[in-house]
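Worksheet: one structure, shown below.
What follows is calculated from the coordinates using simple rules that are stated; it is not laboratory data. Remember, it's a predicted structure, so these values are computed and weren't measured experimentally. Glycine gets a Cβ as well: all are built from the backbone with ideal geometry, and neighbour counts include every protein chain shown.
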Amino acid sequence: MSYLKILFFAPFTLLFYGNIFSQISHGGEPYSFKKNLNIKINNYVVNQPTRNEIQLASIDSKEAYRVGILKSAELSLSKNGTWIQNLDGSKSCFLKIKSPSAVGLSLFFKNFNLPEKSELFIYNQNKKHIIGKFNSVSTNNNQLTHTQIIEGETLIIEYYEPSETVGILKVEINQIGYFFRGFEEYLEPFKDGYSNHSLKSRADFCQVDVACAPENVGWSEQIDAVIHFTYTDPNYIYVCSGSVINNTNQDCTPYILTAWHCGEPNANQNLSGYTWYWNYQKTSCQPSSNASNPSKGNQTMINGVVKASSGSGTLNNPPSSNQVAGSDFTLVELNTSIPNSYNAFYAGWDRGNGLNSNGVSIHHPDGSAKKISTFTSNLSSTNFNGGAFNAHWEVYWDPTTNGHGVTEGGSSGSPIFNQDKRIVGQLSGGSSICSNPDLYSDIYGKFSSNWSSNGTSTGAQLEPWLDPIGININNLDGTYSPCGGNSLICNIGLNTDTINEDEIIDFFGGTNSNSATWTWDFDVNGIGGVSPSTSSDQNPSSVMYSNPGSFDVSLTVSSGQGTCLVDTIITVLPIDNTGLKMINQNEIEIFPNPNNGIFSIKVKGNTNLIGSIYNHIGQKVKTFKELNRSNSKFEINMVNMNAGLYYLRLDNAPEYAHKLIISRN
């Protein structure tokens, strides 16, 4: 059923105004702007959603944050548009579409084909918000399925073809996207009378803009990695957040990491109706009013292919209604490269399960301009909403100078970065709220679970896509474009970092540059018993460690782009030097471990804590005695001991030992 009707034919003067152009297009200026054409244009009105429709759409659900409603349409530019013959022999066609009270509109195409040498623009009523030009070159290999949002309740399609145009115009519209919220700040610069004035943000009052210092200090690269995007189902338009992410090829493959529950896509799915938005953020900090001053944001791309998702795995999948699959992740590859003008940062990542003691999340709450939330306490493992066991991180946010960042609808899929500025998860959900920000937490799907835990197929794992050269590294730093041309991967990949005496270990050097050189030292601290002790291979194998201890290993990678250095520790366990077996870790807890020489011991049950500590060659270096301790802890100080590997033995369990490591790093 069509919701369209011809309202009137009205005179419409096309004049040139200041404007801002967007991507998924080739720029330029509409023909009518150059010629100051004055014509009458067919004006089609799309029935606006009823109040009940908008109220129903405003009820938030687990899918994501709804920002728009899809309205059916049956429009053909060639049939319903207003054609004119220009004085130079060329032709122009105009189609004006209106839907009252819309924050913005977008178009969805049943067919989109432009003849050679023709061009098409779309702009709003005041001609300040312009996307285009689109032509046969820009749409040939990546058909235009839909447009980004255009400001206001009215948009105009302008088509131009010179006299020598070859081919058939076929632009048919079958849906109109009616936006009723979530893009107010984004569209403000395109309105009449815009002067950077205050505008009430849709995000809640405690949120912190990424332009605010000191919250943003040291995070500029990660801010440039975060995007937001819209997607559709048969009835609605939703908004979520995500991040551009790096891979070990460092080749600027346009990967986006987000949450599976944002659209629930499957691996190998060709996405349609997705619009990716870059650089939607403020340029100045306005914490008291949350006023809007975005000077960027009209940079977009569309669609893509799903490379992997937890929805294609076998870990707690398929989920029950309103639950998440596995660790709730999706990895999308965009159809074309990200333009350098977008200044996208390809974020680094960490797939380990080490301590994440502090960091930030960067996101678009309720579809608003980019915000930053800060944490300063360790992330903890948890379960979430029917997902896989312990496949999520729980975080509590902290107050900062300019607010107390939390998350909201629209933040889903946004990355959480640890103290090393690497992604360790993507937002699945949570309860954080400005009215009581200290009480409630948020939940992020673990990057480590995304890596390979959701299933055995490549469509359920990040590993095949983010480590395509198979160097098996635990973490990777981010990069700007150009990616591989001016940066080195400097990482040590290991199958294990703990072996027994007289065992061998394989190493993997982290760069894909054939012109690089590798310099390995497998025994930096000179313990001895390592064969070979050095290597110049990229991936040295069968390195034997004959002595126990904690061995410092270093790798230096050099090429025409520079030099980088990385190191790690290999722990070699003695074979029966102390006659001890390892304590069951469910019965004793030592933390932190590794440590700087001060650590705590806790044993389950009511027991005497009496024992000794031995070095790696079996020499007793310390004794301790704590009587009648029940499910409590006490502290041991070994700050005067050398860094390295030690063993703890309890007198009431003399056959057992527990490994601990003192590190001065």
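Tell me, in nm to one decimal, what length is gained between THR498 and SER381 on full extension, where the rule is 0.36 nm per residue of separation less the Cα-Cα distance?
Details: separation 117, 0.36 × 117 = 42.12 nm, distance 2.39 nm.
Contour length minus Cα-Cα distance gives 39.7 nm.
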Give the aspartates and glutamates reachable from LYS71 as a straight Cα distance under 15 Å; neighbours fewer than 8 places away on the same chain don't count. GLU53, GLU153, GLU172, ASP233
Once both label points are put 7 Å beyond Cα along the C-beta direction, the THR456-ASN111 separation in nm becomes 4.7
Suppose each label sits 7 Å from its Cα in the direction of the beta carbon; what would the VAL217-THR283 distance come out to in nanometres? 2.4
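What does the highest-first list of 417-424, 537-544 look like by mean Cβ count within 10 Å?
Numbers: 417-424: 22.4, 537-544: 15.6.
Going by the mean number of other Cβ atoms within 10 Å, highest first, we get 417-424, 537-544.
Expressed as a rounded percentage, what relative contact order does the range 208-480 have, with Cα pairs under 8 Å and six or more residues apart?
On the way: 773 pairs, mean separation 66.1, N = 273.
Averaging sequence separation for qualifying contacts and normalising by length gives 24 percent for the range 208-480.
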Residues of type lysines that LYS620 reaches as a straight line, Cα spacing below 24 Å, ignoring anything fewer than 8 places off in the same chain: LYS581, LYS602, LYS633, LYS659
If the cut-off is a Cα-Cα distance under 19 Å, which aspartates and glutamates reach LYS622, setting aside same-chain residues fewer than 8 apart in sequence? GLU589, GLU635, ASP651, GLU655
Compactness of the range 208-480, expressed as Rg and Dmax over alpha-carbon positions, Å: 16.8, 50
Using the structure shown, select from LYS282/LYS446; LYS98/LYS127; LYS34/LYS117; LYS133/LYS371 the pairs with a Cα to Cα distance greater than 26 angstrom. LYS282/LYS446; LYS133/LYS371
With +1 assigned to the C-beta of every Lys and Arg and -1 to the C-beta of every Asp and Glu, and no other charges, what is the dipole magnitude of the range 208-480 about the Cα centre in debye, to the nearest 20? 220
Compute the separation of the alpha-carbon centres of the range 375-452 and the range 76-152 and state it in Å as a whole number. 41
Measuring from label point to label point, each 7 Å out along Cα→Cβ, what is the GLU635 to SER72 span in nm? 7.1
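Is the shape of the range 198-239 best called rounded, prolate or oblate, per the rule: a/c under 1.5 gives rounded, else a/b larger than b/c gives prolate, else oblate, with a ≥ b ≥ c the square roots of the Cα gyration tensor eigenvalues? Show your work: numbers first, answer last.
On the way: a/c = 3.97, a/b = 1.63, b/c = 2.44.
Oblate.
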Can you tell me, using C-alpha contacts under 8 Å and at least 6 residues apart, the relative contact order of the range 490-573 as a whole percent? 36
Quick one: which residues, 5 or more positions from LEU462 or on another chain, have an amide H under 5 Å from its amide H? H modelled 1.01 Å from N in the peptide plane, none for Pro or chain starts. TRP451, SER452
